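Notes for the one structure printed next.
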Amino acid sequence: MRELAKRLAKAEVISVLTGAGVSAESGVPTFRGEDGFWKGRRAEDLATPQAFASNPETVWTFYDWRRSLLAKCRPNTGHSALAELEGLVPRMHLITQNVDGLHQAAGSRCVTEMHGSIWRVRCQSGCGEHEDRRTPFPPPLPPRCACGALLRPAVVWFGERLPLEALEAADEAARSADVFIVAGTSAVVEPAASFARLARSTGAYLVEINPEATPLSSLADDVIREPSARAIPQIVDLRKQSWADSQ
Ligand code: NAD
């Protein structure tokens, strides 16, 4: 913790990569694990371009249901602390794998959503039409764009490429970071996890926040085995305190 305090005090750029675990204490199920979201479901049937092509109605019913669950969830103290951190460092990058919008709801302004957002829909044909959507679509499903093509959730499905801007933002976040914090991710989804490795190899001090070990744990300079709603506010307090002490 002493080294972390020193690094936080000096940091000009702090980058944070979050995963499903940071929303767990908001009541959002994680992806894998005991209460994981995909337990008892097959991602291939619901979150792939092939599933959408063969059964768009089922996929839309699933996404409308997920949005109705997420609409009841509120940011937790981890999300709020990250929003506060934005105002405490010269530059901060927040990269999330989450599609739930809880970082923005907590007040974070600069968020890169690597896997899109469940609160947006876009035209499948690529005509450029997109809209923010918080409520379920009226029947009949699937909804259609004015151009006639199907509308789809603006999330990245299994087997799809990540948006180029998101990859570029994550690359910049990794290369420029003095401290890189990876919180609540199992670090098995690529390329997201590889940005933590890139950050470490280009000189960042790597901190992992996760109650469980991950493939990144052995690489991390500091590992905090606590839930993120407790650990992230502690890190933000440490930055405030160590920065004040260093002035
Ligand atoms: P994951 O489910 O694979 O891993 C979650 C990780 O969080 C685990 O390592 C677990 O030990 C850890 N964790 C659980 N509770 C925690 C807590 N309170 N504090 C800190 N860590 C905790 O999630 P992932 O690595 O983000 O997987 C990637 C995929 O999951 C992404 O594609 C993402 O889009 C998708 N996803 C997003 C949401 C969301 O938007 N909230 C929810 C489920 C899945």
Next item on the list: Evaluate the range 148-157: report whether one residue or more is open to solvent by less than 70 Å² (accessible area, probe 1.4 Å), within 13 Å of the ligand (Cβ to nearest atom) and assigned to a loop (DSSP other than H, G, I, E, B).
Entry: yes
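Residues checked against (1) in the same structural domain as residue 223 (by TED's automatic domain parsing); (2) charged (D, E, K, R); (3) at pLDDT below 95:
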position	(1), (2), (3)
143	no, no, yes
175	yes, yes, no
184	yes, no, no
192	yes, no, yes
199	yes, no, no
206	yes, no, no
Margin query: Please pick out the residue among 134, 161 that is within 16 Å of the ligand (Cβ to nearest atom) and free of Cβ contacts under 8 Å to residues at least 12 places away in the same chain.
Written below: 161
Notebook entry, point to check: Restricting attention to the range 167-179, which residues are over 16 Å from residue 86 (Cβ atoms) and surrounded by 21 or more Cβ atoms within 10 Å (Cβ to Cβ)?
Noted result: 170, 174
Notebook entry, point to check: Is it the case that some residue within the range 138-146 is farther than 25 Å from residue 54 by Cα, in a loop (DSSP other than H, G, I, E, B) and open to solvent by 40 Å² or more (accessible area, probe 1.4 Å)?
Noted result: no
Next item on the list: Those residues that are over 21 Å from residue 226 (Cβ atoms), within 16 Å of the ligand (Cβ to nearest atom) and acidic (Asp, Glu), I need them from the range 164-211; list them, please.
Entry: 190
Note to self: If I ask for residues that are buried (at least 20 other Cβ atoms within 10 Å of the Cβ), more than 10 Å from residue 182 (Cβ to Cβ) and within 12 Å of the ligand (Cβ to nearest atom), which ones from the range 212-242 would you list?
What the structure shows: 224, 227, 228, 229, 231, 232
Next item on the list: Having 1 or more residues that are away from the ligand (no atom under 11 Å from the Cβ), open to solvent by less than 70 Å² (accessible area, probe 1.4 Å) and of a type in the set (S, T, N, Q) is the bar; report the helices (runs of 4 or more DSSP H) wholly within the range 1-114 that clear it.
Entry: 56-70, 77-85
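The values are calculated or read from the model by the stated rules, or taken from the named source; none is laboratory data. From a predicted model like this one, the values you see are computed outputs, not experimental measurements. Reconstructed Cβ throughout: ideal geometry from the backbone, glycine too, with neighbour counts over all protein chains shown. Note: accessible area is taken over every heavy atom of the protein model, side chains too, but ligands, DNA and RNA are not part of it. Shrake-Rupley method; radii C 1.70, N 1.55, O 1.52, S 1.80 Å.
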